1. Could you tell me whether any residue of region B:336-354 is crowded, with 16+ Cβ neighbours inside 10 Å, more than 7 Å from every other protein chain (Cβ to nearest Cβ) and not in a helix (DSSP H, G or I)?
2. From (1) in contact with a Cys (Cβ under 9 Å, 6 or more places away or on another chain); (2) facing another protein chain (nearest Cβ under 7 Å); (3) among the hydroxyl-bearing types (S, T, Y), pick out the condition that doesn't hold for A:Y107.
3. For A:L198, state whether it is buried (at least 16 other Cβ atoms within 10 Å of the Cβ) and within 17 Å of A:I93 (Cβ to Cβ).
4. Please find, among B:L309, B:L332, the residue that is in contact (Cβ under 8 Å) with a residue 24 or more places away in the chain, among the hydrophobic types (A, V, I, L, M, F, W, C), away from chain A (no Cβ under 12 Å) and under 30 Å from A:S245 (Cβ atoms).
5. Residues that are under 39 Å from the mean Cα position of the chain (by Cα) and buried (at least 19 other Cβ atoms within 10 Å of the Cβ): find the helices (runs of 4 or more DSSP H) completely inside region B:355-448 holding 1 or more of those.
6. Between a residue in region A:220-239 that is without any contact (Cβ under 8 Å) to a residue 24 or more places away in the chain and closer than 15 Å to A:N77 by Cβ and any residue that is part of a loop (DSSP other than H, G, I, E, B) and of a type outside the set (S, T, N, Q), which pairs come within a Cβ distance under 9 Å, given they are 6 or more apart or on different chains?
7. Need the failing condition index for B:I523 against (1) farther than 18 Å from A:Q248 by Cβ; (2) in contact (Cβ under 8 Å) with a residue 12 or more places away in the chain; (3) in contact with a Phe, Trp or Tyr (Cβ under 9 Å, 6 or more places away or on another chain); (4) among the aliphatic types (A, V, I, L, M), just the number.
8. Name, by its number, the condition in (1) within 16 Å of A:P156 (Cβ to Cβ); (2) surrounded by fewer than 18 Cβ atoms within 10 Å (Cβ to Cβ) that does not hold for A:F75.
Amino acid sequence: MEAKAKIDQSKFRQRLPDYIFILCNTIFMCFIILIMLYPFVNTLAISLNDALDSVKGGIGLLPRKFTLDNFDQVFKNARILTAFTNSVGRTVISTAGGVFLCSMAAYVLSRKEFMWNKFVTVFFLLTMYISAGLIPMYMLYGKLSLINSFNVYWIPGLFGAFNIIVIRTYIQGLPDSLVEAARLDGAGEFRIFAQIVLPICKPVLATVGLWIAVGNWNDWFTTAVYVSGQRNIEQYTTLQYELYSELQSVLARMGERQSEFLASQGAAARQNTTTVSVRAATTIVAALPILCVYPFLQKYFVKGVHVGSVKG
Amino acid sequence: MNDTANSAIASQNGFLNFPKRFWVTLTGLVGIFIVSMLNWAHDDLIFQFTEWRELFPGIEYLRDVPVRFGLADLLGSYQNTNLYFYFGDLSQYNIFKIMSIVIAVLLVLSFATVLFALVRYRSKHFTKLCILGFSLFAFTALLYIVFTMLISTTDTPLDTYKIIMAVLIVLLVASFLLMIPVFIQKRKDPVKSQTVYKFALSAFLSLSFITITMLIIEAMLETIITAIPVIIFVASLSTIPFLLDPAEVKSKRLSRFLHQKAFFYMIIPIMAYVFLFSYYPLKGWEMAFQDDPLLKETSYIGFKWFVFLFTEGEFWKIMRNTLGMSVINLVLGFTTSIFFALLLNEVRQKYFKRVVQTISYLPHFLSWVIAAGMITQFLMSDGLLNQMLGSDKVWLTDADNFWWIVGWGNVWKSVGWNTIIYLAAITSIDPELYESAELDGAGRFAKMIHITLPGIKSTILVLLIMSIGWILSAGYEVQLLLGNTLTWDRAETIDTFVYRYGIQDMRFPLATALGMFKTVVSIILITGANFASKRFAKESLV
């Protein structure tokens, strides 16, 4: 008994550095969680806090004076409602169109017997590295009259070389006999694609669809570049663009204040009263759909990264 | 069996009692007819005799359709045409008249051939007649395009588009001509002629694809209605594969093509789309060699903008900012994500690990706008950082901090996501290594340093080489979102410069020159990186 206890003790002593390491590691991980989550919880707290009270600062993880007024203000704002509709609309259309186009291209490229297989693959892959740049694209969109229209949100962005590679890799993993059997039964290529390959590819289509959807939802730059003029912006604004312009005004005020040495502090502070809380509420509205969805779907995203790193 | 079923359906439908190929040919014929009509309606040279026009009642209305086809409107300014520019005065040879008549005769001929084939749709020569008619039509259209290009008015003698088109069409004709002798010789010496034939055929196919796509795009960009003849032309050409029976065709390649025609119908529209949005804009690079369009008429001025760019102090400032932020992002991003992946790998409780992972992915899924808003909140004069430090410094208006703010912002947003690839690499390390290390008395920390880290060395190397290829892309979103008047000196990167000067200040040529510079250098770097990683890591990236 005594001997065994001794051994245990020595083992413990031997393992002591390990335990310290695990402890430090766990503390570090908790620290990471805090860093990643704090800004969101803080924004949520501000958005649920009374606007006048928020200006005093010092709101941490919980709202001090609970109210839903800020959200009420956001949803009463006609401009933000338009932005919300546009954001949802472009996300839905781009995702549906993009998934269809990419999967059709991927199906054709996954067939080894296709004559132009190599040429088309290279033709598509080169687009990942060659880009004409912003100005030629702007000129082209102007010629196609995509500027200042809703179409600029979905027409140019349907194609994605990387998405095609991911779907193609998945289709190549399916047994060939599936397609062969359908072909023997007399189905045409498009029919095989639409009725046999597409339903089987649901997991990978979900991955690609989510990428496209998140990319579209998060995009503000398209609006900033291709929509100009007060009336057009009011009509074609998106949620992210609204956040962007609010942020710009905050930063501009910050620069002003710095250079003018708090000349008009009172007025600036009063203006802040509404913007800080409303901005927090808008941020929550813009972030909430993704926050709700991503924990359940992250395995699809991760899978996609693996496929891409192997084959890309 | 199949035939009887077909005829049963056909007899029910009554007048639809024709095979599929009849309807397809009819469509093609209508296409030819419309193109010819549009052409004739615009061609004053042949139809200057009004009595000819009366043969086709209603053709006058077609004259109002502003189509690209038609020579008449070009005749007024012969002195300005490319033809005059390159070949001098040829008006004495009546070249317009001759060309117009040749084209009209060829159109009539192709129309007649297809019509004849349609009438005799049961004969065994049907296929041959159809191919003859349609290829005659295609040939006529190409001839026509070359001719309109030559006689079209031009403000600058050096119109890139026309030169590209002329080169394309010369190559197209050359590869087509190359195929003919090889095709004849093929029967005598099949092996020798095979490679030349293959080369010529693939050149012909890809060139005709590019030519036709460029034609459609050019036509569409003028007005949609201008594109109608070209679209009809392409549509009537695309009916050809339906007319041929793969079993009857002698050429192996052609029969393979016919078996796969569905693939082509699926992929060619997508290729055209990709061409339009990814390759066609490259033509806009010519803007970098032109004078400012806002100041005067476009004219070519060579490398003036590039010289201007490289001698201007602004450019070197932008390069310094871009490279500075890229290097900071690279170093911070790599060290933190490797560090985090190594530590995350040591977490043994499965659920805790999963929770940490999920939460660390969170910022990756949110837009830069939201992230920038949170960074601003954090760095405000009454923000969290100042509360912790006990100061009231305004971090975002201090230019010296900007690169580090961008760097740490990037780390916060993507550190969790970047660990995925390292964690995957870690799982492929041989577990025996850990066991033998344990026998040697190594602790967890020692194992992490001496086994896990060397185990993912090749992954790190490949990723590092790959990101060096993208070193000129320091991002534009953070800079545009967080930069302000006080920090622009440090925030301006290549991409933001292109946006701010190009789109906002409308200085197109300068911004295009800079964008072009970036793309070219990036392609060189990426090719180099791919070569290097092939050499060192035996793994291709592209």
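1. no
2. The single condition A:Y107 does not satisfy is (2).
3. So A:L198 does not fit the description; no.
4. Answer to the selection: B:L332.
5. By residue number, B:368-379, B:402-427.
6. Listed by first residue and then by second, the contacts come to A:I233/A:V227.
7. Here B:I523 meets the rest and fails (2).
8. (1)
The values are calculated or read from the model by the stated rules, or taken from the named source; none is laboratory data. Quick caveat, the model's predicted, so the values are computed rather than measured. Heads up, the Cβs are rebuilt from the backbone with ideal geometry, glycines too, and the neighbour counts pull from every protein chain shown.
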